[in-house]
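J.: First the structure, which I've put down as structure tokens, then a few questions once you've had a look.
The values are calculated or read from the model by the stated rules, or taken from the named source; none is laboratory data. This one's a predicted model, so the numbers in the text were calculated from it and none came from an experiment. Heads up, the Cβs are rebuilt from the backbone with ideal geometry, glycines too, and the neighbour counts pull from every protein chain shown. Remember, those area values only see protein heavy atoms, side chains included, never the ligands or the DNA or RNA. Shrake-Rupley method; radii C 1.70, N 1.55, O 1.52, S 1.80 Å.
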Amino acid sequence: MSLQQKGFFWRKILLHSKKRELSPLTWPRKQRSHRGRDRNKQGDNVHNGPMRGRQASDNFHAIIKHCVRKEEKGIRSLMAKPAILLVDDDPDVLRAIERDVRRHFGGTYRVLRASSGAQALDILTQLALRHEPVALLLTDQRMPEMDGVEFLEQAKELSPQAKRALLTAYADTDAAIRAINSVGIDYYLVKPWDPPEEQLYPVLQDLLDDWLADFNPPFEGLRLIGHRWSAMAHELKDFLTRNLIPYQWLDVETHTEALRLLELANLDASHLPVVLLPDGTSLSQPTPAQLAETLGLRIHADLSFYDLIIVGSGPSGLAGAVYGASEGLRTMLIEREAPGGQAGTSSRIENYLGFPSGLSGADLARRAVTQARRFGVELLTPQEVTSVRVDGPYRFVTLADGSELSCSALLIATGVSYRKLDIPGLERLTGSGVYYGAAMTEALSCRDSDVFVVGGANSAGQAAMYFSRYARTVTMLVRGDSLAKSMSQYLIDQIQQTGNITVQTCTSVVEVHGESNLETITLANTQTGERQTLPTSALFIFIGAMPRTEWLADFVLRDEQGFLLTGPDLDRDGKRPSGWKLQRAPFLLETNVPGIFAAGDVRHGSVKRVASGVGEGAVAIQFIHRYLSEVR
């Protein structure tokens, strides 16, 4: 949903909450302009990002404060309330579910009901003709003439974006589970649903959050204008995508609208990239930090002291924030780029416990950030910690803007970054056809192209699968002789079953070529030395794991690669680390500096998996409590 549409949507809800409820199928239709339809033709250039639910709403509300100041005198266009359609042939059950759903969601959604699958299909047909959105279909399974699964299967053609759920008796759960696989329903609930606050509302809220994240009306929000091969433009696209901020990308070489907008803003190509905000203002060549401040993202702390400061918001940092804040610690979370860390850039994680259908890294990060904020965690992003010092019982961190924050305990969870390839031509073309990670950011730009992916681990495999949806061909370049040594079997199976993915083993990239952007790459066989040069405009690198710990040098002990040493790894010949003055040994996740802990990929010897990172973040909080009990 665009920034202005989002603002209009919520303000309309407030407006109509003061009016009488209109009949279900006579709600005002959304007014569409010719300009809106023209923009919708370029829908592939709208980047909603992997935005989900309440974090999306949080970001939108922050941005709307800036973007709709000039709209306070009136609403230019109204959008019909999205519909929730309830279907059950039992009148008593239908009235009961309608009562409960309307009580909790009626202020935001239009709750409709039908007593049969046929009647429900008629309602969906009318809504489709009026181009009115349907958010959720919730139907009973056992109905005469047409059961719930049959209805949901037919309803998908009329409302393909609606979330679909079954309401079943316990005896019908097997049918519901089969329907998840065969029909692709999103969820099933077992009757009775009392109390609804526990058994109904959380499930429906999560489904509606996911629907809202993917809802895509004509775009009227933030626009980014630039050249496809601009490294600065790529940096801004990556920032917006990873921070779950929707935007429309307009390439000046392919979109005539881009040139017209630049002219209206009295700008030219020398000002690119340009960010156009919905209120008509513009930013020329902004840094991510400048753009973040303009959009209202938080980069300054409310307090000067916290019980716990966590540096890095990957899985470990987010888990630490959730557990720390939920257990009463005033917690600050500081992130250099975007929540989720390297895991947040993953297009699909399918082996994370509790998500049988898988989820994107950004979706996982969105859920964790929402959870952390619910417990009162304060999040600064984008903000960077540049140094750390100790003064008595307090630990101080210095931020990139020169400000300083103090805390009783510090948790370092900065994760790792992809290793830079040191080959001729690569640095010059980075951001101009050569990318580290960035699958979610650049996939749409690779439509019908030949894409090369460097790496043989899970991140590379997930990216290859994601690119296969858009690219003509995807070639994985693997230095080893097999994927089995570094990739999960489920991913290997998926890759083998995907027709436009090729795996080229025993292969390295030795040179890249191009003037303003990547044009060709030179590959070498690691066994024979044979070389070949191939044309391509897209090379994505997913190799290595380099920790960002230079800011801790000479203060916190690290291994040869820069990973932080903790607990037993600090022992040298049975001796505790130099300068350690406490009677006890360092805790399992504690560094050589008492009160400074490390968790996740940044820690020496850690298991590089999302689940283990989450576990370490949670366990670190228990050691932090033990440490705090000693110093308080």
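J.: Given (1) of a type in the set (Val, Ile, Thr); (2) open to solvent by 30 Å² or more (accessible area, probe 1.4 Å); (3) closer than 19 Å to residue 344 by Cβ, identify the lone condition not met by residue 390.
T.: (3)
J.: Here is a further query. Consider the stretch 496-511. How many of its residues are part of a strand (DSSP E or B), open to solvent by 40 Å² or more (accessible area, probe 1.4 Å) and either over 24 Å from residue 462 (Cα atoms) or hydroxyl-bearing (Ser, Thr, Tyr) (or both)?
T.: Here is the first cut: in the stretch 496-511, the ones part of a strand (DSSP E or B) are 501-504, 507-511.
So of that shortlist, the ones also open to solvent by 40 Å² or more (accessible area, probe 1.4 Å) come out as 502-504, 511.
Okay, now just the ones that are also either over 24 Å from residue 462 (Cα atoms) or hydroxyl-bearing (Ser, Thr, Tyr) (or both), so 502, 511.
Result for the stretch 496-511: 2.
J.: Can you find even one residue in the stretch 426-445 that is basic (Lys, Arg), more than 18 Å from the chain's Cα centre (by Cα) and over 23 Å from residue 550 (Cβ atoms)?
T.: Looking only at the stretch 426-445, we keep the residues that are basic (Lys, Arg), and these are 428.
Next, from what is left, pick out any that are more than 18 Å from the chain's Cα centre (by Cα): 428.
In the following step, the residues that additionally are over 23 Å from residue 550 (Cβ atoms) were identified as 428.
Yes, some residue in the stretch 426-445 is basic (Lys, Arg), more than 18 Å from the chain's Cα centre (by Cα) and over 23 Å from residue 550 (Cβ atoms).
J.: All but one of (1) in contact with a helix residue (DSSP H, G or I) (Cβ under 8 Å, 6 or more places away or on another chain); (2) small (Gly, Ala, Ser); (3) modelled with pLDDT under 90 hold for residue 135, so report the exception by its number.
T.: Result: residue 135 passes all but (3).
J.: Quick one: count up the residues across the stretch 512-540 that are within 20 Å of residue 420 (Cβ to Cβ), touching a residue at least 60 places away in the same chain (Cβ under 8 Å) and surrounded by 16 or more Cβ atoms within 10 Å (Cβ to Cβ). Working first, answer last.
T.: Filtering the stretch 512-540 down to residues within 20 Å of residue 420 (Cβ to Cβ) leaves 512-514, 517-518, 521-524, 526, 536, 538-540.
If we keep only those that are touching a residue at least 60 places away in the same chain (Cβ under 8 Å) as well, we get 512-514, 517-518, 521, 536, 538-540.
Pick out the ones that are also surrounded by 16 or more Cβ atoms within 10 Å (Cβ to Cβ) and you get 512, 514, 517-518, 521, 536, 538-540.
Residues in the stretch 512-540 being within 20 Å of residue 420 (Cβ to Cβ), touching a residue at least 60 places away in the same chain (Cβ under 8 Å) and surrounded by 16 or more Cβ atoms within 10 Å (Cβ to Cβ): 9 in total.
J.: In the stretch 410-422, what count of residues is obtained for those that are assigned to a strand (DSSP E or B) and touching an Asp or Glu at 6+ places or on another chain (Cβ under 7 Å)? Break it down stepwise before answering.
T.: The first filter runs over the stretch 410-422 and keeps only residues assigned to a strand (DSSP E or B), leaving 410-412, 416-417.
Right, trim to touching an Asp or Glu at 6+ places or on another chain (Cβ under 7 Å) and you get 416.
So the answer is 1.
J.: Might you let me know whether the stretch 503-512 holds any residue that is modelled with pLDDT of 95 or more and within 20 Å of residue 347 (Cβ to Cβ)?
T.: yes
J.: OK, next. What about residue 570, is it touching a Lys or Arg at 6+ places or on another chain (Cβ under 9 Å) and open to solvent by less than 80 Å² (accessible area, probe 1.4 Å)?
T.: Yes; evaluated as a whole, the condition is true for this residue.
J.: Every residue in the stretch 525-553 that is in a loop (DSSP other than H, G, I, E, B) and farther than 30 Å from residue 481 by Cβ, please. Give the steps one after another, and end with the answer.
T.: First, the residues of the stretch 525-553 that are in a loop (DSSP other than H, G, I, E, B): 526-530, 536-537, 542-545, 548-549, 553.
Scanning the stretch 525-553 gives 548, 549, 553.
J.: Among the listed residues 183, 134, 190, 203, identify the single one that is surrounded by fewer than 20 Cβ atoms within 10 Å (Cβ to Cβ) and in contact with a Ser or Thr (Cβ under 7 Å, 6 or more places away or on another chain).
T.: Numbers: 183 fails: in contact with a Ser or Thr (Cβ under 7 Å, 6 or more places away or on another chain); 134 fails: surrounded by fewer than 20 Cβ atoms within 10 Å (Cβ to Cβ); 203 fails: in contact with a Ser or Thr (Cβ under 7 Å, 6 or more places away or on another chain).
Answer to the selection: 190.
J.: What number of residues within the stretch 339-382 satisfy the criterion of being modelled with pLDDT under 95 and assigned to a loop (DSSP other than H, G, I, E, B)?
T.: Selection size over the stretch 339-382: 19.
J.: Now, a different point. Count, please, the residues in the stretch 447-467 that happen to be under 20 Å from residue 518 (Cβ atoms) and assigned to a loop (DSSP other than H, G, I, E, B). Give the derivation first.
T.: In the first step, residues of the stretch 447-467 are kept if they are under 20 Å from residue 518 (Cβ atoms); the result is 447-455, 460, 463-464, 466-467.
Going one step further and asking which of them are assigned to a loop (DSSP other than H, G, I, E, B), we end up with 447-449, 455.
The number of residues fulfilling the criteria is 4.
Here's the yes/no breakdown for (1) assigned to a strand (DSSP E or B); (2) open to solvent by 40 Å² or more (accessible area, probe 1.4 Å):
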residue: 291; (1), (2): no, no
residue: 313; (1), (2): no, no
residue: 319; (1), (2): no, no
residue: 322; (1), (2): no, no
residue: 332; (1), (2): yes, no
residue: 337; (1), (2): no, yes
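J.: A follow-up question, please. Looking at the stretch 399-415 only, could you name the residues that are at positive phi and surrounded by fewer than 20 Cβ atoms within 10 Å (Cβ to Cβ)? Outline the logic, then answer.
T.: First pass over the stretch 399-415, keeping only residues at positive phi: 402, 415.
Scanning the stretch 399-415 gives a single hit, 402.
J.: Please go through (1) in contact with a helix residue (DSSP H, G or I) (Cβ under 9 Å, 6 or more places away or on another chain); (2) surrounded by fewer than 18 Cβ atoms within 10 Å (Cβ to Cβ); (3) assigned to a helix (DSSP H, G or I); (4) not basic (Lys, Arg) for residue 212 and return the number of the only condition it doesn't satisfy.
T.: Just one mismatch for residue 212, condition (2).
J.: Is it the case, given these coordinates, that residue 308 is over 12 Å from residue 380 (Cβ atoms), of a type in the set (A, V, I, L, M, F, W, C) and in contact with a His (Cβ under 9 Å, 6 or more places away or on another chain)? Before the answer, list the steps.
T.: Values: over 12 Å from residue 380 (Cβ atoms): yes; of a type in the set (A, V, I, L, M, F, W, C): yes; in contact with a His (Cβ under 9 Å, 6 or more places away or on another chain): no.
Answer is no for this residue.
J.: Looking at (1) outside the structural domain of residue 606 (by the TED database); (2) open to solvent by less than 20 Å² (accessible area, probe 1.4 Å), which one does residue 256 not meet, given that it meets all the others?
T.: (2)
J.: OK, next. Could you grab me the full set of residues in the stretch 90-107 that are part of a loop (DSSP other than H, G, I, E, B) and either open to solvent by less than 30 Å² (accessible area, probe 1.4 Å) or under 25 Å from residue 154 (Cα atoms) (or both)?
T.: Going through the stretch 90-107, the residues part of a loop (DSSP other than H, G, I, E, B) turn out to be 90, 106-107.
Result: 90, 106.
J.: Okay, moving on. Considering only the stretch 423-446, state which residues are in a helix (DSSP H, G or I) and within 27 Å of residue 522 (Cβ to Cβ).
T.: Within the stretch 423-446, the subset in a helix (DSSP H, G or I) is 426-429, 439-442, 444-446.
Listed by number, the residues that qualify are 426, 427, 428, 429, 439, 441, 442, 445, 446.
J.: Give the residues of the stretch 362-379 that are of a type in the set (Gly, Ala, Ser) and surrounded by fewer than 24 Cβ atoms within 10 Å (Cβ to Cβ), sorted by residue number.
T.: Narrowing the stretch 362-379 to residues of a type in the set (Gly, Ala, Ser): 362, 365, 368, 372, 376.
Correct list: 376 only.
J.: A follow-up question, please. Given 614, 556, which one is modelled with pLDDT of 90 or more and part of a loop (DSSP other than H, G, I, E, B)?
T.: Residue meeting the stated conditions: 556.
J.: Scan the stretch 416-432 and give yes if some residue there is in contact (Cβ under 8 Å) with a residue 12 or more places away in the chain, closer than 30 Å to residue 632 by Cα and open to solvent by 30 Å² or more (accessible area, probe 1.4 Å), otherwise no. Step through it out loud before you land on a result.
T.: Pass one, the stretch 416-432, residues in contact (Cβ under 8 Å) with a residue 12 or more places away in the chain: 416-421, 423-426, 429-432.
From the residues that got through so far, the ones that are closer than 30 Å to residue 632 by Cα too are none.
No, that holds for no residue.
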